[in-house]
Structures are given as C-alpha cells and as structure tokens.
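A.B. asks: Input: one structure, supplied below.
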Amino acid sequence: MSVGDKNNTERVAAAKPLFSPGDIERLKETFGEVLESGRLILGEQTQGFEEEFKTFVGAEHAVAVSSCTAAIQIALRYHNIQGREVILPTNNFVGVVSAVIAEGGQPVLAEMDPNTFCGDTDDIIARITDRTAGIIVVHIAGLISPDIKRLRQVCDERGLFLLEDASHAHGAKIDGQRSGALTDVGCFSFYPTKILTTCVGGMLTTRNPELAAYARSVRHHGVGGSLEDIVLLGNNWCMSELHAALGRSQLQQTDANVDHRNRMVARYRQGLQDKAWLTIPVCPDNIRHAYYKFPTLLAPEVDCLGFRRMLFEDYGIENGAIYNPPCHLQPVLRQKYGFSEGLFPVAEATLSRQLCPPIHSGITESEVDRSIASIIAVARRFGLE
Ligand SMILES: Cc1ncc(COP(=O)(O)O)c(C=O)c1O
C-alpha cells in the first residue's frame, strides 16, 4: 500500500495536543507537589505561568483564567458594553458572539476578507457608529490580522477598545511583535485543540494595570482585599494550579511547535503547488503565522463537502473549515436575530470552499505526505487532475 492509497485508512488527526514523554514525567512530579501543597488555585504555578506568559508575549500583565471566553467577558465587562455595540467578524467562533451577548452588548457582525480569512477591515470600520464600544479582531487560523495597525489607529482616534482574540495565534508575530501585545487587551484560549493547551484555560494580556487588577478580582468572584470583601460582580473564572503547571510546560515548547507547524505547512505548499483547483493563501513577509490551522480553498466548481467527506472516509484524513457555517448562519443566532443566507456573501462563498488539511505540533512529515497524496488522489477522482 502506498501513500494516498484509498484503502490506507489509518487516520491522520486534524489536531492533537503534544506532550513529550519527558514533559509527562516532569508534570507528574509537579502535579504531585501541587496536590501535596494543598494550594489548588492562585498559587505559585499560576503566578509563574502568568509571569512567563507575559514575558513570552511582551505584555505588561497576564491574568490566567478558566477559558478564553472568560477572558473576553472580563474585558467586555471592564469596558461596560451594556447596551452598546461590539463589532466582530462573522468568520469566528460563535462563543465570542455569545460572550458579547452575555455581557449585555449588541454584536455587530462584519464581513470577512477572502484572502486572509480575517475580518474585512473596510467593512469593520464602516460599521462603527456612535453606539460602538469596541472591536474584536480575531487572528483566524494563526494569522495576525495584517491590518491590525490600521484598526488600532481607528480605535484610538474614535475612543474604542480593540480586543485581540489570539486563541489561534500563540507565538504569532507581526513586525517582530507578538500577538497579545498589539492592542488594549489580548485573550488566549488553551482549549485542547489549541497550539498551547492546559486542557481548558485562558489568559488575558494587557498593558493596562487597571484592567489587570480588575481581571484578578472578577475572575475570583469580585474579591477586594479578602474573600469576605466582594467589590465587583465576578464569577469563578480562576485557573487551577494543575492547569497552570501544564501551561508552563507547554509554553516552553510553543516557539518550537510553531516552527514545526511552519515547516509542515511549507511541505504542504510544495506538495500542493500549481494545482488549478486549490488556492493556498500567501502569508505576508512581516508576519510569523502560527498555523493553528492551514486553510486552503477549493475551486468554486468543486463539491467541497463531497471532497472533504471522501478525503476523510476513504483516506482517513481528518479535515475541517474555520468557521463553516459562519456565525450569522449558526442556528442560535439565526433564531435570535433573524439572520439568513446572503447577509455576508463573501464569507458564505469563501467558507463553503474551505479545506483545512491536518496540522498540529506533532504531525510527522510522512503524515503530511500522506495527506498531500490523498488530497491529490481525491482530486483525481473528482476529475480535477
Ligand atoms: C477564535 C476563538 N475565540 C474564542 C474561543 C473560546 O475559547 P475557550 O474555549 O477557551 O473559551 C475559541 C475556541 O475554542 C476560539 O477558537
């Protein structure tokens, strides 16, 4: 049996966390120490992870929380979005929209850029009104929005907050500066599929000391000086010491993992270059892509869902799209706001063509080669080759 063989159905995972045997041994020891210490939240591990993460990102403050959604809600609560609008791209994880709604804001969805898969900057700016509180920019797939500086300037001029959702972009850089330190506030997810995982968890990064102090209070029920002294409306959004220990271990590998992802994507690019039926977006020279995902586009005439299904069912190559359907076509938001097809034609036309082949920090060259050969084999069966 050869690579790309129809019957070679051993799976290639679309995403997978990476823990080396050495990491696991060291973590077992650290977990033992944490459990014996009796300090399960807000201890040495959390403090250490925050210090190391803030240094990694180049931010002045980092506050560990239970998820990225919690980090986003804290930032939105700090900016008091009640009754005001927050602009964010429709090509997004629906939980970000839910966070805006949960904090009493009005989500204003915007169109996407088909070349970067990030939000369409012109459309985002055109949607600013006197009710706008701020903008959430999402570094989709690990590509820092190439227009981040323009967005920052507009937000500064108009007195709006700019929140970076860097859930896909651990370790990504633009002009040498890391994601999470580019705007007023950065929010990271450490969900199991992410480049850096703590099983579940998140981090808020900022240069604003007041926001950092606010986040430290709100993540722990709004405590003031003590647990008896509740000064803000908060929640239980703490990260546990075990999760923080895991984060510290993962952080040490993040740059190497991002380098590995870049090397594997270069291999995909070489193996899939010059295919008339596949568009592979280029990454601008001033950006270090994190390649949380590797989105490509099948030609419009290809039955994309059929292609993806065959790739998985006949060749074992897991694959996906980020995000299809886009937020405005998710049942919950259709029902709540009456959204329907045609609202964001670029997002709809682009995302329905998307194919994200497997990429993760532990993927091997031979798995990438199998994915490439399988994609080409499917293309042949679709009469494209
Ligand atoms: C872009 C984006 N934002 C936010 C989130 C939410 O992260 P979490 O699950 O840590 O709350 C995710 C999720 O997985 C995401 O992909």
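A.B. asks: Tell me the residue from PRO89, PRO114 that is within 22 Å of ARG353 (Cα to Cα) and either buried (at least 24 other Cβ atoms within 10 Å of the Cβ) or modelled with pLDDT under 95 (or both), please. Explain how you work it out, then say what you get.
C.D. replies: On the way: PRO114 fails: either buried (at least 24 other Cβ atoms within 10 Å of the Cβ) or modelled with pLDDT under 95 (or both).
Answer to the check: PRO89.
Every residue, every condition in (1) in a helix (DSSP H, G or I); (2) within 16 Å of the ligand (Cβ to nearest atom); (3) in contact with a strand residue (DSSP E or B) (Cβ under 7 Å, 6 or more places away or on another chain), yes or no:
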{"position": "GLU164", "(1), (2), (3)": "no, yes, yes"}
{"position": "LEU182", "(1), (2), (3)": "no, yes, yes"}
{"position": "VAL200", "(1), (2), (3)": "no, yes, no"}
{"position": "SER217", "(1), (2), (3)": "yes, no, yes"}
{"position": "LEU232", "(1), (2), (3)": "no, no, no"}
{"position": "GLN252", "(1), (2), (3)": "yes, no, no"}
{"position": "ASN262", "(1), (2), (3)": "yes, no, no"}
{"position": "ALA276", "(1), (2), (3)": "no, no, no"}
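A.B. asks: Looking only at residues that are away from the ligand (no atom under 16 Å from the Cβ) and within 15 Å of PRO358 (Cα to Cα) in the range 311-330, which one is surrounded by the most Cβ atoms within 10 Å (Cβ to Cβ)?
C.D. replies: Only one residue fits best here, namely ILE317.
A.B. asks: Another one. Taking the options ASP175, ASP130, ASP184, name whichever one is at pLDDT below 95 and either of a type outside the set (A, V, I, L, M, F, W, C) or farther than 24 Å from GLN82 by Cα (or both).
C.D. replies: Working: ASP175 fails: at pLDDT below 95; ASP130 fails: at pLDDT below 95.
Within the list ASP175, ASP130, ASP184, the selection yields ASP184.
A.B. asks: When you scan the range 194-214, how many residues do you find that are hydrophobic (A, V, I, L, M, F, W, C), under 13 Å from ILE74 (Cα atoms) and in contact (Cβ under 8 Å) with a residue 12 or more places away in the chain?
C.D. replies: Residues that pass the stated criteria total 4.
A.B. asks: Taking TYR191 as the residue in question, decide whether it is in contact with a Cys (Cβ under 8 Å, 6 or more places away or on another chain) and either in the same structural domain as PHE56 (by TED's automatic domain parsing) or of a type outside the set (Gly, Ala, Ser) (or both). Don't jump to the end; show me each part of the working.
C.D. replies: Details: in contact with a Cys (Cβ under 8 Å, 6 or more places away or on another chain): yes; either in the same structural domain as PHE56 (by TED's automatic domain parsing) or of a type outside the set (Gly, Ala, Ser) (or both): yes.
When the stated conditions are applied, TYR191 passes them.
A.B. asks: Here's another thing I want to ask about it. If a residue has to be free of Cβ contacts under 8 Å to residues at least 60 places away in the same chain and within 16 Å of the ligand (Cβ to nearest atom) to count, how many in the range 140-162 make the cut? Reasoning before the result, please.
C.D. replies: Here is the first cut: in the range 140-162, the ones free of Cβ contacts under 8 Å to residues at least 60 places away in the same chain are 145, 147-160, 162.
From what's left, within 16 Å of the ligand (Cβ to nearest atom): 145, 148, 162.
Number satisfying all stated conditions: 3.
A.B. asks: Right, something else. Do we have any residue at all in the range 118-129 that's within 13 Å of the ligand (Cβ to nearest atom), assigned to a loop (DSSP other than H, G, I, E, B) and in contact (Cβ under 8 Å) with a residue 12 or more places away in the chain? Explain how you work it out, then say what you get.
C.D. replies: Let us first name the residues in the range 118-129 that are within 13 Å of the ligand (Cβ to nearest atom), namely 118-119.
Those still in the list that are assigned to a loop (DSSP other than H, G, I, E, B) too: 118.
From the residues that got through so far, the ones that are in contact (Cβ under 8 Å) with a residue 12 or more places away in the chain too are 118.
There is at least one residue in the range 118-129 that is within 13 Å of the ligand (Cβ to nearest atom), assigned to a loop (DSSP other than H, G, I, E, B) and in contact (Cβ under 8 Å) with a residue 12 or more places away in the chain.
A.B. asks: Search the range 330-341 for residues that are not assigned by TED's automatic domain parsing to the domain that holds ALA102 and pair each with any residue that is outside any loop (DSSP other than H, G, I, E, B) and of a type in the set (Asp, Glu) when their beta-carbon atoms are under 9 Å apart and the residues are at least 6 apart or on different chains.
C.D. replies: GLU341/GLU348
A.B. asks: Tell me which residues, restricted to the range 9-29, are farther than 16 Å from THR197 by Cβ and touching a helix residue (DSSP H, G or I) at 6+ places or on another chain (Cβ under 6 Å).
C.D. replies: Listed by number, the list holds a single entry, VAL12.
A.B. asks: Looking for whichever is among the polar types (S, T, N, Q), touching a helix residue (DSSP H, G or I) at 6+ places or on another chain (Cβ under 7 Å) and at negative phi here; the options are THR193, THR206. Which one fits?
C.D. replies: Details: THR193 fails: touching a helix residue (DSSP H, G or I) at 6+ places or on another chain (Cβ under 7 Å).
Among THR193, THR206, only THR206 is among the polar types (S, T, N, Q), touching a helix residue (DSSP H, G or I) at 6+ places or on another chain (Cβ under 7 Å) and at negative phi.
A.B. asks: Quick check on my filter: what residues within the range 76-97 are in a helix (DSSP H, G or I), under 17 Å from the mean Cα position of the chain (by Cα) and touching a residue at least 60 places away in the same chain (Cβ under 8 Å)?
C.D. replies: To start, the set of residues in the range 76-97 that are in a helix (DSSP H, G or I) comprises 76-78, 94-97.
Keeping just the survivors that are under 17 Å from the mean Cα position of the chain (by Cα) gives 94-97.
VAL94, VAL96, VAL97 - these are the residues of the range 76-97 that are in a helix (DSSP H, G or I), under 17 Å from the mean Cα position of the chain (by Cα) and touching a residue at least 60 places away in the same chain (Cβ under 8 Å).
The values are calculated or read from the model by the stated rules, or taken from the named source; none is laboratory data. Not measured: the values here are computed from a predicted model. Quick reminder, even Gly has a Cβ in these numbers, built from the backbone with ideal geometry, and neighbours come from all protein chains shown.
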